[in-house]
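Peer 1: What follows is a single structure, and I will ask about it in a moment.
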Amino acid sequence: MKYRIKYCVILMARVVFRIFYLFIPVKRNSILFCSFSGMQYTCNPKYIFESLYSRFGRRYEYVWVLDNREKLPGEFMGSVKTVKFRSVKYIYHMMRSEVIVDNVGFESFLPKRSEQLLINTWHGGGAYKKVSADMKMHSEGVKWYIRRVRELSEGTTDFFLSSSRTFTDITSDDFFMDRNCFIPTGMPRNDRFFSSDAGKNLALRQRICGQYHVASDSLLVLYAPTFRNYGANMRNISRDACCPCVENVLEATFGRKVTFLHRRHICRNDTATHPRCENPDIVDFTHYPDMQDLLEIADVLITDYSSSIWDFALTGKPCFLYMPDLAEYRYDRGFYTPLDKWPFPYTESIDGLCGLIASYNVEENARRISAHQKLLGSYEHGHATSRVVEIIEKHTGRT
């Protein structure tokens with residue numbers, strides 16, 4: 001019943017806001033950016049914003065949705081407004097912005113205005129863990145509510161960035177969206193992996209390692225598990241992959257001393273309270289602002305069901321998938337692509353993880369990545385940001 005009431009409230013809010021629209025006109029050349037509901041200055045909206053700012057400077061009015069203004073880089077402080085997610089100012093700018101760029105989705109209680117351009121960049125590539133309304137972890141009430149809201153939002157998005165053919169096929173069905181609004185750009189955050197600048201990459205590695213007091217010549221192993229929705233106590237497994245036996249086999253296989261860069265997911269409930277690790281070879285990178293920087297400097301990635309494997313596959317570097325709760329995760333959430341078709345090998349145990357690392361083969365790694373990208377029909381070519389900027393330019397009359 002509560003979800004039906006919630007849905008009715010949304011319907012009434014849409015009527016009210018249409019009345020507000022009569023008194024609040026859309027402001028030309030105003031662009032609002034939002035990443036993970038204002039939790040971070042990162043992901044695809046960040047790269048689109050910085051490209052626009054570099055090209056046009058203050059000729060646009062920029063608004064960033066951030067829960068903390070300090071997350072905005074200092075160079076933009078004097079020229080970019082910030083608002084908190086779902087604050088009065090946030091709703092005001094959502095109503096008046098000519099362009100809205102978001103990596104999650106748009107507010108169902110705010111009807112789209114004809115003068116507005118809404119671009120959903122999404123926040124993950126490939127097709128791995130399910131985001132559909134019929135997942136078993138949802139109650140029937142939640143399933144009903146998700147379907148109704150997605151149907152209500154049908155036609156709201158003007159452009160939805162797609163990383164692959166399979167992503168378009170699946171997401172258009174799950175979100176009840178017209179396939180024509182999906183554009184085969186790849187993700188702006190991944191453009192960087194197509195430009196080889198050894199000097200720039202080394203400088204980034206040295207800067208980050210210096211900031212966190214990590215030896216830049218060590219084997220940087222990024223451990224970044226994704227979030228769980230079903231309430232499992234992730235503290236019990238959050239550092240399992242950083243154990244001594246895994247460290248030893250990594251050093252034996254790759255010939256360098258290991259430093260683990262441990263990054264918990266932004267949606268994890270224990271992010272703020274996770275106990276400090278006393279092992280100097282395990283460094284907490286949870287609050288580092290840009291995951292793409294870490295993917296770029298990491299020599300090895302260990303993760304599980306995270307779509308970061310799509311991004312990391314573009315680098316060609318080794319990755320191993322550690323899934324200790326696979327049975328539960330598969331039952332509650334499920335997968336779009338069979339696990340044996342993913343770009344990297346998986347295991348459910350620490351012993352299995354050690355075995356995968358010990359048997360790592362460069363040629364086999366490249367073969368799996370290539371086969372996976374062909375299977376999903378990858379759209380990643382390194383030009384996503386420029387494509388989106390062109391769309392915004394055209395809508396705002398810059399071209």
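The values are calculated or read from the model by the stated rules, or taken from the named source; none is laboratory data. Owing to the predicted nature of the structure, the values given are computational and were not obtained by experimental measurement. Methodologically, a virtual Cβ is constructed for each residue, glycine included, from the backbone with ideal geometry; neighbour enumeration extends over all protein chains shown.
Peer 1: Exactly one condition in (1) among the hydroxyl-bearing types (Ser, Thr, Tyr); (2) farther than 24 Å from His138 by Cβ; (3) out of contact with any Pro (no Cβ under 6 Å at 6 or more places or on another chain) is not met by Tyr331; state its number.
Peer 2: Among (1) among the hydroxyl-bearing types (Ser, Thr, Tyr); (2) farther than 24 Å from His138 by Cβ; (3) out of contact with any Pro (no Cβ under 6 Å at 6 or more places or on another chain), the lone unmet condition for Tyr331 is (2).
Peer 1: In segment 56-95, how many are closer than 21 Å to Ile391 by Cβ, surrounded by fewer than 16 Cβ atoms within 10 Å (Cβ to Cβ) and charged (D, E, K, R)?
Peer 2: Total meeting the criteria: 2.
Peer 1: Quick check on segment 216-254: of everything there that is surrounded by fewer than 13 Cβ atoms within 10 Å (Cβ to Cβ) and modelled with pLDDT of 90 or more, which residue is farthest from Lys130 (Cα to Cα)?
Peer 2: Pass one, segment 216-254, residues surrounded by fewer than 13 Cβ atoms within 10 Å (Cβ to Cβ): 217, 231, 233, 236, 244-245, 252.
Now narrow it down to the ones that are modelled with pLDDT of 90 or more: 217, 244-245, 252.
Details: Asp217: 38, Pro244: 33, Cys245: 32, Ala252: 36 Å.
Looking at the filtered set, the residue picked out is Asp217.
Peer 1: Now a separate question. Does at least one position in segment 120-130 carry a residue that is among the hydroxyl-bearing types (Ser, Thr, Tyr), in the same structural domain as Phe17 (by TED's automatic domain parsing) and at pLDDT below 95? Can you show your working first?
Peer 2: Initially, segment 120-130 is screened for residues among the hydroxyl-bearing types (Ser, Thr, Tyr), giving 121, 128.
Pick out the ones that are also in the same structural domain as Phe17 (by TED's automatic domain parsing) and you get 121, 128.
Still in the list and also at pLDDT below 95: none.
Within segment 120-130, none of the residues are among the hydroxyl-bearing types (Ser, Thr, Tyr), in the same structural domain as Phe17 (by TED's automatic domain parsing) and at pLDDT below 95.
Peer 1: Let me ask another. Go through Ser79, Ser54 for me and flag whichever is in contact (Cβ under 8 Å) with a residue 12 or more places away in the chain, among the small types (Gly, Ala, Ser) and in the same structural domain as Val131 (by TED's automatic domain parsing).
Peer 2: Going through Ser79, Ser54 in turn, just one is in contact (Cβ under 8 Å) with a residue 12 or more places away in the chain, among the small types (Gly, Ala, Ser) and in the same structural domain as Val131 (by TED's automatic domain parsing): Ser79.
Peer 1: Related question: Going through Ser359, Ser386 one at a time, which residue ends up being outside the structural domain of Gln292 (by TED's automatic domain parsing) and polar (S, T, N, Q)? Outline the logic, then answer.
Peer 2: On the way: Ser359 fails: outside the structural domain of Gln292 (by TED's automatic domain parsing).
When all the criteria are applied, what remains is Ser386.
Peer 1: Another question, then. Name the residue that is farthest from Asn248 (Cα to Cα), counting only residues in segment 325-382 that are among the β-branched types (Val, Ile, Thr) and in contact with a helix residue (DSSP H, G or I) (Cβ under 8 Å, 6 or more places away or on another chain). Walk me through it before giving the result.
Peer 2: Within segment 325-382, the first condition is being among the β-branched types (Val, Ile, Thr), and the residues that meet it are 337, 347, 350, 357, 362, 369.
Pick out the ones that are also in contact with a helix residue (DSSP H, G or I) (Cβ under 8 Å, 6 or more places away or on another chain) and you get 337, 347, 350, 357, 369.
Details: Thr337: 32, Thr347: 18, Ile350: 12, Ile357: 10, Ile369: 26 Å.
So the residue we want is Thr337.
Peer 1: Going by the conditions given, is Leu52 under 23 Å from Leu152 (Cα atoms), among the aliphatic types (A, V, I, L, M) and at pLDDT 95 or above?
Peer 2: Details: under 23 Å from Leu152 (Cα atoms): no; among the aliphatic types (A, V, I, L, M): yes; at pLDDT 95 or above: yes.
In short, no.
Peer 1: Related question: Might you let me know whether segment 343-358 holds any residue that is modelled with pLDDT of 95 or more, aliphatic (A, V, I, L, M), under 22 Å from the mean Cα position of the chain (by Cα) and at negative phi?
Peer 2: Here is the first cut: in segment 343-358, the residues modelled with pLDDT of 95 or more are 343-358.
When the remaining residues are screened for being aliphatic (A, V, I, L, M), the result is 350, 353, 356-358.
Keeping just the survivors that are under 22 Å from the mean Cα position of the chain (by Cα) gives none.
The answer is no; no qualifying residue exists.
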